[in-house]
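Below is one structure, written out as structure tokens; the observations come after it.
The values are calculated or read from the model by the stated rules, or taken from the named source; none is laboratory data. Just so we're clear, the structure is a prediction, and the values are computed from it rather than from any experiment. For neighbour counting, all protein chains shown are included, and Cβ atoms are generated from backbone atoms with ideal geometry for every residue, glycine included.
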Amino acid sequence: MARNFLFLLGSTRAGGNTETLARQAAEQLPAGDTARWLTLTDFELPAFRDLSHTDQRDLAAPTGNAATLLDATLDATDLVIASPLYWYSVSTPVKHYLDHWAGWLRTPGLDFRQRMAGRTLWGVTVLAGSDLSTADPLVGTLRNSAAYLGLGWGGVLLGSAVQPGEIAQDTEAVARAKTFFGGTPLRAAPGSATPA
């Protein structure tokens, strides 16, 4: 069955090492699979307001850029968060996008959780330095988000680079990119902890 991949680029800099690594992995997608690329900084979202303890009828359906990102998210079979490692976690644009998931979960009639069922979440990140364990908080954020919604978990493709274009020197990451999307996602039981 053909898959529809949504690549969400979370860097504040175009053409960085994380995007390059994600594009190398995407080149290996089987014929018939599609890839849509959205740069999160191109879709300014309204400030997230936590309305979890208010009358849920006050929550309106997303409009504008939020609606565009919601529709793209729901149209995908596979979501790929491509975020450089910023302060040991995802970038600000990615965190803001994930915060809006909490609002979409509570929007009456949207059925976000049910409509997300069956999708798979993947990650791609490049960090400065060779200790890949420094990305553990980023990996945990994405893995736990997938578990909370009952999504499949594809894992995170990790690379190491500092200067623009330097990811090409991380031959192990480049090699992993060639088979990354061919793996079988794990199916985790929905988590009990509320993310927001």
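One table, with the values for the structure above:
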item: Those residues of the stretch 115-131 which are closer than 22 Å to residue 184 by Cα and modelled with pLDDT under 95, in sequence order; result: 117, 118
item: Per-region count, the stretch 70-82, residues in contact with a strand residue (DSSP E or B) (Cβ under 7 Å, 6 or more places away or on another chain), surrounded by 19 or more Cβ atoms within 10 Å (Cβ to Cβ), under 14 Å from residue 40 (Cα atoms) and not hydroxyl-bearing (Ser, Thr, Tyr); result: 4
item: Hits in the stretch 170-188 (condition: under 12 Å from residue 120 (Cα atoms), of a type outside the set (Phe, Trp, Tyr) and crowded, with 16+ Cβ neighbours inside 10 Å); result: 185, 188
item: Number of positions in the stretch 43-70 that are in a helix (DSSP H, G or I), at pLDDT 85 or above and touching a Leu at 6+ places or on another chain (Cβ under 9 Å); result: 6
item: Complete set of residues in the stretch 65-100 that are of a type outside the set (A, V, I, L, M), touching a helix residue (DSSP H, G or I) at 6+ places or on another chain (Cβ under 7 Å) and more than 16 Å from residue 11 (Cα to Cα); result: 100
item: Within the stretch 112-153, tally of residues that are assigned to a helix (DSSP H, G or I) and among the hydroxyl-bearing types (Ser, Thr, Tyr); result: 5
item: Filter result (in a loop (DSSP other than H, G, I, E, B) and under 13 Å from the mean Cα position of the chain (by Cα)) within the stretch 86-111; result: 90, 91
item: Whichever residue in the stretch 1-52 is among the basic types (Lys, Arg) and touching a strand residue (DSSP E or B) at 6+ places or on another chain (Cβ under 6 Å) and, among such residues, is surrounded by the most Cβ atoms within 10 Å (Cβ to Cβ); result: 3
item: Pair list, Cβ under 8 Å, 6 or more apart: the stretch 6-17 residue touching a residue at least 60 places away in the same chain (Cβ under 8 Å) and under 22 Å from residue 76 (Cβ atoms), other residue hydrophobic (A, V, I, L, M, F, W, C) and part of a loop (DSSP other than H, G, I, E, B); result: 6/76; 10/90
item: Residue list for the stretch 71-85, filter: within 29 Å of residue 136 (Cβ to Cβ) and in a helix (DSSP H, G or I); result: 72, 73
item: Of all residues in the stretch 102-144 being surrounded by fewer than 19 Cβ atoms within 10 Å (Cβ to Cβ), among the hydroxyl-bearing types (Ser, Thr, Tyr) and in contact with a strand residue (DSSP E or B) (Cβ under 9 Å, 6 or more places away or on another chain), the one that is nearest to residue 164 (Cα to Cα); result: 130
item: Among (1) modelled with pLDDT under 95; (2) of a type outside the set (Lys, Arg); (3) surrounded by 15 or more Cβ atoms within 10 Å (Cβ to Cβ) - the single one residue 167 does not satisfy; result: (1)
